[in-house]
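Below is one structure, written out as structure tokens; the observations come after it.
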């Protein structure tokens with residue numbers, strides 16, 4: 001049986017995503033995807049407790065969700081293009 005994935009991160013998880021995106025800039029999705037697949041977050045993560053929240057997003061929403069998400073940090077860094 002396959003567990004049903006939710007596609008809505010909690011406000012706390014969204015905050016962690018936004019902090020990660022701000023810190024990693026334009027390529028934040030690629031960097032986060034790599035971290036999700038390896039479980040290794042770089043030592044420059046804004047807050048170490050964000051690592052768990054970011055992994056929760058992967059587990060709850062699935063890795064494909066990352067391709068569809070747009071957040072303000074992504075918009076401002078890439079000129080509005082995801």
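Which of the residues spanning the range 64-80 are at pLDDT below 90 and in contact with a helix residue (DSSP H, G or I) (Cβ under 8 Å, 6 or more places away or on another chain)?
Scanning the range 64-80 gives 69, 71, 72, 73, 74, 77, 78.
Out of curiosity, is residue 7 within 13 Å of the chain's Cα centre (by Cα) and at pLDDT 90 or above?
Criteria not met by residue 7.
The values are calculated or read from the model by the stated rules, or taken from the named source; none is laboratory data. What you see is a predicted model; the values in this text were computed from it and never measured. Virtual Cβ from ideal backbone geometry, glycine too; neighbours counted across all protein chains shown.
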